[in-house]
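All remarks here apply to the structure that follows.
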Amino acid sequence: MKVFEKAPAKINLSLDVLYKREDGFHEVEMVMTMVDLADRIEMQELPRDTIIISSQAGYIPLDEKNLAFQAARLIKERYEVKQGVYIHLDKKIPVAAGLAGGSSDAAATLRGLNKLWKLGISNEELQRLGSVLGSDVPFCVTGGTAVARGRGELLEPIEAPPQCWVVLAKPPINVSTAEIYGKLRASEIQRRPSTPHIIEAIRHKRFDDLCAALGNVLEEVTLDLYPEVKQLKEVMMRLGAEGVLMSGSGPTVFGLVSKEAKVARIYNGLRGFCKDVYAVRLLT
Ligand code: ATP
């Protein structure tokens, strides 16, 4: 038996960090949605009690450090599954990019193994399992568009944003999420995104208001450390993207574009600056 799952990338329409909690985690409030750029995951049952990961991407771990491996191990332990699984990850989402590629692979593995082994686990329970693996995993289990609070595991689903194009560009640098959060002084943040404004803009399908309300408090840390991300934002705005923001802790920058006619110009203009550029639709 084999199952296939798509693991789409997420973008943050907003990311606010409210404070640092006593348990060391940051209390966040963020609006997340998914884009049509996805890894494809194949899961095949093995008679032996083992987990094997393979991928064409040479730059991700294939052992227990891989989040798909951790998802498979977790579900096997919790549900006492004796069979093993072979998991192939066809990676399309750039790694360590702020697009939750690893988290989405983990979530897709949970969904896929639930089907493969006919476990009948509810979405809520899959999300609870996912929260053990990482803060973005619960959102990736169900996808859609949601406000995430707590560490990211408290989800309030909301309507889909107005349909548009999303141009994504990842400069050739690696950004550590832990380093960016570590350098953030939550109590000193000057400008915060307004979650109610974003929800309002989405509810009324007001694309311009949505673009104006985008905001990510991690930008000031990442842009300070990596001027190339700031430059990329400026280029994207100059080329005509209507709303431009860094996703997660970066370094990927995305631009929302309402008219298809503009997309090719922005895409081609950005290719002059970096190799990793994608033009996709929102997954609504
Ligand atoms: P987030 O937005 O959730 O912080 P990200 O997009 O910044 O995620 P990932 O692509 O998930 O980052 O990769 C972060 C790290 O996780 C990398 O260092 C990578 O080696 C490791 N990793 C583990 N499993 C995977 C996987 N299945 N796909 C990609 N990276 C993985």
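Just so it is clear, none of the values below were taken in a lab; they were calculated from the coordinates. No experiment lies behind these values; they were computed from the predicted model shown. Reconstructed Cβ throughout: ideal geometry from the backbone, glycine too, with neighbour counts over all protein chains shown.
Brief remarks follow.
- Near the amide H of Gly248, within less than 5 Å, lie the amide hydrogens of Asn12, all on another chain or at least 5 residues away, with H placed in the peptide plane.
- Dipole of region 2-157, positive direction: furthest Cα of Val35, Ile87, Ala68, with charges on the beta-carbon: Ile87
- Charge dipole of region 223-266 (Cα centre as origin; +1 on each Lys and Arg Cβ, -1 on each Asp and Glu Cβ, all else neutral): 180 debye, rounded to the nearest 20.
- Kirkwood hydrodynamic radius of the chain, Cα pairs, Å: 19.3 Å
- Counted over region 2-157, the DSSP beta bridges are approximately 85% antiparallel.
- Inter-centroid distance (Cα atoms) of region 1-59 relative to region 149-173, Å: 13 Å
- Three-way shape call for region 165-281 based on the alpha-carbon gyration tensor, with the a/c threshold at 1.5: oblate
- Placing pseudo-labels 7 Å out from each Cα toward the beta carbon at Lys115 and Tyr19 gives an inter-label distance of 4.3 nm.
- Footprinting exposure proxy ranking of Ser176, Ser194, Ser104, fewest other C-beta atoms within 10 angstrom first, gives Ser176, Ser194, Ser104.
- A simple charge model with +1 on the Cβ of Lys and Arg, -1 on the Cβ of Asp and Glu and nothing else charged puts the dipole of region 165-281 at about 340 debye relative to its Cα centre.
- Sites listed here are GluC sites (Glu not before Pro) in region 9-106 whose DSSP assignment is loop and whose Cβ has at most 14 other Cβ atoms within 10 Å: Glu22, Glu64, Glu80.
- Computed log10 I(q)/I(0) for region 2-157 at 0.18 Å⁻¹: -1.04, from the Debye equation with unit scatterers placed on every C-alpha and solvent omitted.
- Rounded, prolate or oblate (a/c below 1.5 giving rounded, otherwise prolate when a/b exceeds b/c) for region 87-158 by Cα gyration tensor: oblate
- Packing, taken as the mean count of other beta carbons within 10 Å per residue, orders the peptides 133-139, 7-13 from highest to lowest as 7-13, 133-139.
- Of the DSSP H helices in the chain, those whose Cα atoms cover at least 20 Å axially and whose Kyte score averages -0.5 or more: 101-116
- Karplus-derived 3J(HN,Hα), 6.51/-1.76/1.60, for each residue of region 241-246, Hz, glycine and proline x: 5, 7, x, 10, 8, 7
- Phi angles across region 45-57 convert, under the Karplus curve 6.51 cos²θ - 1.76 cosθ + 1.60 with θ = phi - 60°, into 3J(HN,Hα) values of 5, 10, x, 7, 7, 8, 10, 10, 10, 9, 7, 7, 7 Hz, Gly and Pro given as x.
- Extension gain, Ala264 back to Arg238 (0.36 nm per residue minus Cα-Cα distance, nm): 7.9 nm
- Computed about its Cα centre, the charge dipole of region 2-157 is approximately 400 debye, with only Lys, Arg, Asp and Glu carrying charge at their Cβ.
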